[in-house]
Amino acid sequence: MRFGSYSVLPGFGPTLGFSLLYLGVLVLLPISALVLFAVNNLTLAEFWQVIGSPRVLASFRLSFGAAFIAALLNSLFGLILAWVLVRYTFPGRRLVDALIDLPFAMPTAVSGIALCAIFAPNGWIGQWVAPFGIELAYNPIGVVIALTFIGLPFVVRTLQPVLREAETEQEEAAASLGADRWQTFQRVLWPTLVPALITGFALAFARGVGEYGSVIFIAGNLPMVSEIAPLMIMSHLEEYDYAGASAIAVVMLLISFILLLLINKLQAWSWARIGGSRI
């Protein structure tokens, strides 16, 4: 709807003003305060010294790299889970569907402790792979496991409505024209799922970048090995180095914004491509 055009719902002006005020107070104001605090309390040389230290750079690589890998894993297995929950009926389906939301309901610290109990060298799963020299906790692998755990619901819940609304008539038409199951998925369903899959990936990635509570227990927090960027922020805060903490936070904010902007551009391109890919 164009700006100022007629709407059956009254109050466009007040609701728009309230929305902008709400967005400004809860989102833009804290972000602006963070950036201004870093700018006013650090010179450019001090800023580069903080974010250019080896430990901080290593934490950036781990946080963004682990979040990216976890989001990719969630995109793959989240698509499979969403497909099974929507397209098949089996005993216990409602229970499985409810368990998808468990990472949302659990406190992050509880999630971290639970993951340690499972994947630590003496845990339920970790004890079976430890004799082979495979360590699933207290290293970057543990970080990926934690971020995969907390990010899975974003992908599944984003894909489920799209799969439910997918028209089975198109699949039947493709089958009647001689398409096999893979061709039907590739040519009919996949173009529809791509935008939702990218959205789920972006949400899981964004959650993973800023995750703290569920990661610090299973990461081990070894310098230059398994320290995440939020932990470096907390370390600076514990030393009352608020300017240094704000510098790291500004860099994380900037990188996250750029990556999410690129993902949104990719999502918009995929939506535009769908218009010409339907059969």
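Out of 206, 202, which single residue is under 9 Å from the mean Cα position of the chain (by Cα) and either open to solvent by less than 30 Å² (accessible area, probe 1.4 Å) or of a type in the set (Val, Ile, Thr) (or both)?
Going through 206, 202 in turn, just one is under 9 Å from the mean Cα position of the chain (by Cα) and either open to solvent by less than 30 Å² (accessible area, probe 1.4 Å) or of a type in the set (Val, Ile, Thr) (or both): 202.
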> Counting just the residues of the range 58-96 that are in contact with a helix residue (DSSP H, G or I) (Cβ under 6 Å, 6 or more places away or on another chain) and open to solvent by 60 Å² or more (accessible area, probe 1.4 Å), which one comes out farthest from residue 252 (Cα to Cα)?
Replying inline: 73
> Of all residues in the range 38-57, how many are over 26 Å from the mean Cα position of the chain (by Cα), open to solvent by 70 Å² or more (accessible area, probe 1.4 Å) and of a type outside the set (Ser, Thr, Tyr)?
Replying inline: 8
> Restricting attention to the range 222-235, which residues are free of Cβ contacts under 8 Å to residues at least 60 places away in the same chain and surrounded by 17 or more Cβ atoms within 10 Å (Cβ to Cβ)?
Replying inline: 233, 235
> Which one of these is open to solvent by 20 Å² or more (accessible area, probe 1.4 Å) and free of Cβ contacts under 8 Å to residues at least 60 places away in the same chain: 179, 196, 173, 245?
Replying inline: 179
>> Between 133, 126, 210, 151, which is under 30 Å from residue 232 (Cβ atoms) and either modelled with pLDDT under 85 or in contact with a Gly (Cβ under 9 Å, 6 or more places away or on another chain) (or both)?
In response: 151
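The values are calculated or read from the model by the stated rules, or taken from the named source; none is laboratory data. Bear in mind the structure is a predicted one, so any value in this text is a computation, not a measurement. Quick reminder, even Gly has a Cβ in these numbers, built from the backbone with ideal geometry, and neighbours come from all protein chains shown. Each accessible area value is taken on the protein alone, full model and side chains, heavy atoms only, with ligands, DNA and RNA left out. Shrake-Rupley method; radii C 1.70, N 1.55, O 1.52, S 1.80 Å.
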